[in-house]
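Chemist: Here it is, the structure, as structure tokens.
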Amino acid sequence: MGDFSLDLNEDQRQVINWVHEFADSVVRPAAHEWDEREETPWPILEEAAKVGLYSLDFVASCFADSTGQLLPAVNEELFWGDAGIGLSILGSTLGLAGIVANGTPAQVGEWGPQCFGAPGELKLAAFCVSEPDAGSDVSQLKTGAVYDEASDSWRLNGTKTWITNGGIADVHVVVASVDHTLGSRGQASFVVPPKTVGLEMGRKFEKMGIRASHTAEVVLNDVKVPGSCLLGGKDKLDERLARARQGKPAKTQAAMATFETTRPAVAAQAVGIARAAYEYALAYAKDRSTFGKPIIEHQAIAFKLADMATRIDAARLLYQRAAWMGASGRPFRAGEGSMSKLFAGETAVWVTEQAIQILGGYGYVRDYPVERWHRDSKIYTIFEGTSEIQRLIVARAISAVHIA
Ligand SMILES: Cc1cc2nc3c(=O)[nH]c(=O)nc-3n(C[C@H](O)[C@H](O)[C@H](O)COP(=O)(O)OP(=O)(O)OC[C@H]3O[C@@H](n4cnc5c(N)ncnc54)[C@H](O)[C@@H]3O)c2cc1C
């Protein structure tokens with residue numbers, strides 16, 4: 001693995017340009033409509049599938065990029081188009097990441113294609129960790145999984161909440177506790193196959209932003225899955241539980257393993273939203289005049305734009321570094337993945353708010369996209385670990401002190 005470089009090779013450039021073109025011509029024009037409709041934009045997903053953007057092959061090629069830069073760069077471009085639609089297109093990737101992080105190669109081969117389907121028969125995946133009483137503190141998951149040796153099957157019971165694609169997904173990856181006394185170390189991930197009896201959608205949430213992405217509760221009522229649906233297999237789980245019971249340190253944790261691989265990509269999504277708002281505000285500031293000159297000639301506005309550009313570039317550099325560290329197997333000694341998510345999320349909220357200010361009253365109404373970008377940005381200080389939790393991870397990493 002090479003040194004850190006910002007140079008993209010020709011293949012990467014082509015893919016990024018292709019995604020940008022799709023975001024510009026298909027996603028951005030549909031953004032307002034699907035934000036208002038507040039439902040999964042199936043026709044846009046179909047278009048994405050037709051061109052190969054919504055597909056296992058495409059996601060796999062991004063993950064396979066040895067520099068680590070392609071996946072976040074693609075996320076930035078797509079979410080520059082629209083975050084709600086972007087999340088609908090890439091939401092299944094979170095379920096896939098849960099399978100890849102914990103599954104055997106055979107399980108990845110079996111379930112990976114079912115997370116996406118094919119044009120005309122699209123499938124969705126969901127990654128179900130959060131619960132009503134366990135969001136940041138995933139050690140408190142109440143959803144339980146009980147093994148029945150006679151039938152080599154598991155029974156899952158519990159309620160998951162805030163789940164992207166929850167209840168409408170074909171493949172649900174569910175993190176459940178097999179031994180509550182062990183906290184996070186007693187948890188395992190399961191695939192719940194399509195149409196499994198007992199898995200139902202609970203309440204669908206009406207949200208502030210990313211409204212084209214479906215978010216709902218998932219209720220698991222005596223859901224029976226075969227032993228083969230335990231990701232990683234029973235032997236590995238038993239070995240992991242034994243280590244925990246003997247007080248030996250953990251190798252990985254089911255949910256945490258997934259989040260580590262996805263954080264720089266999530267940071268890049270926030271950068272995409274921020275960039276959209278910045279570009280729009282820059283163009284607007286050159287066009288709008290007050291007191292006889294374009295508002296960009298007022299230093300107060302020009303300096304805002306300078307700060308927006310600077311923070312966006314800093315956020316991008318942080319996610320690029322974290323992605324490179326992940327791809328090159330460098331340990332995150334200072335919580336660099338969390339730093340990238342933390343800074344990008346807060347940058348997106350700040351930049352989009354500045355953009356509203358630059359547009360004045362026009363920034364505050366739905367005729368312009370800027371207020372939507374601000375609403376969309378806020379989720380990036382909340383999901384995939386809140387800003388406080390990212391700070392906790394960084395603080396612990398840099399201090400070696402257990403800060404709670
Ligand atoms: C739109 C949307 C989509 C989502 N998609 C998914 C999904 O697909 N799958 C999934 O599993 N989950 C998903 N989530 C859940 C999301 O990850 C959680 O909402 C998030 O982790 C926060 O958990 P919580 O809401 O329970 O807040 P809490 O954990 O209750 O936190 C409340 C507040 O306390 C703070 N806090 C908590 N603990 C500490 C601490 N130790 N120190 C300092 N401050 C602390 C938090 O930062 C926050 O400000 C989604 C959420 C939303 C809103």
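Chemist: Charges at C-beta only: +1 for Lys and Arg, -1 for Asp and Glu. How large is the resulting dipole of the stretch 155-246 about its Cα centre, in Debye rounded to 20? Intermediate values should be presented prior to the final figure.
Modeler: Working: 14 positive and 9 negative charges, 30 e Å.
Once rounded to the nearest 20, the dipole reads 140 debye.
Chemist: Could the peptides 231-238, 337-344, 64-71 be put in order, highest first, of the mean number of other beta-carbon atoms found within 10 Å of their residues?
Modeler: Details: 231-238: 16.4, 337-344: 28.5, 64-71: 19.0.
Order by mean packing, descending: 337-344, 64-71, 231-238.
Chemist: Excluding ligands, DNA and RNA, what is the solvent-accessible area per residue of the chain at a probe of 1.4 Å, expressed in Å²? Intermediate values should be presented prior to the final figure.
Modeler: Details: 17780 Å² over 404 residues.
Per-residue accessible area for the chain comes out at 44 Å².
Chemist: Now a separate question. Can you give the FRET efficiency for residue 180 and residue 110, using 1/(1 + (r/R0)^6), R0 = 45 Å, r = Cβ-Cβ distance, to the nearest 0.05? Could the numbers behind the result be given before it?
Modeler: On the way: r = 29 Å, r/R0 = 0.65.
That gives a FRET efficiency of 0.95.
Chemist: Return one number: the angle in degrees, 0 to 90 and rounded to the nearest 10, between the long axis of the Cα atoms of helix 336-359 and the longest principal axis of the Cα atoms of the chain.
Modeler: In the chain, helix 336-359 runs at an angle near 40 degrees to the longest axis.
Chemist: Using a 10 Å cut-off on Cβ atoms, rank the peptides 101-114, 142-155 from the highest mean neighbour count down. Intermediate values should be presented prior to the final figure.
Modeler: Working: 101-114: 17.8, 142-155: 15.1.
Peptide ranking by packing, descending: 101-114, 142-155.
Chemist: Carbon-plus-sulfur fraction of the accessible area of the chain, 1.4 Å probe, in percent? Present the calculation step by step, with values, prior to reporting the outcome.
Modeler: On the way: 9530 of 17780 Å².
Looking at the chain in its full context, I get 54 percent from C and S.
Chemist: Hey, quick one: spin label on residue 50, modelled 7 Å out along Cα-Cβ, who in the stretch 121-140 has an amide N within reach, i.e. under 15 Å?
Modeler: 121-122
Chemist: Angle between the Cα long axis of helix 28-37 and the longest principal axis of the chain, 0 to 90 degrees, nearest 10?
Modeler: With rounding to tens, the tilt is 60 degrees.
Chemist: What's the magnitude of the charge dipole for the chain around its Cα centre, counting Lys and Arg as +1 and Asp and Glu as -1 at the beta-carbon? Answer in Debye, nearest 20. All intermediate terms of the calculation are to be shown ahead of the outcome.
Modeler: Details: 40 positive and 49 negative charges, 225 e Å.
The dipole magnitude comes to about 1080 debye.
Chemist: Calculate the spin-label point distance for residue 7 paired with residue 204, positioning each point 7 Å from the Cα along the beta-carbon direction, and give it in nanometres.
Modeler: Taking the two extended label points, one gets 4.9 nm.
Chemist: How large is the charge dipole for the stretch 79-228, taken about the Cα centre, if only the Cβ atoms of Lys, Arg (+1) and Asp, Glu (-1) carry charge, to the nearest 20 debye? Each step should come with its number before you reach the end.
Modeler: Numbers: 11 positive and 15 negative charges, 61 e Å.
Using Cβ point charges on Lys, Arg, Asp and Glu, the stretch 79-228 gives about 300 debye.
Chemist: With unit charges on the beta carbon (Lys/Arg positive, Asp/Glu negative), name the residue among 150, 83, 209 whose Cα is farthest towards the positive pole of the charge dipole of the chain.
Modeler: Toward the positive end, the furthest listed residue is 150.
The values are calculated or read from the model by the stated rules, or taken from the named source; none is laboratory data. All of these numbers come straight from a predicted model, not from anything done at the bench. Note that we place each Cβ from the backbone using ideal geometry, even for glycine, and neighbour counts take in every protein chain shown. Heads up: the accessible areas ignore ligands, DNA and RNA and are worked out on the full protein's heavy atoms, side chains in. Shrake-Rupley method; radii C 1.70, N 1.55, O 1.52, S 1.80 Å.
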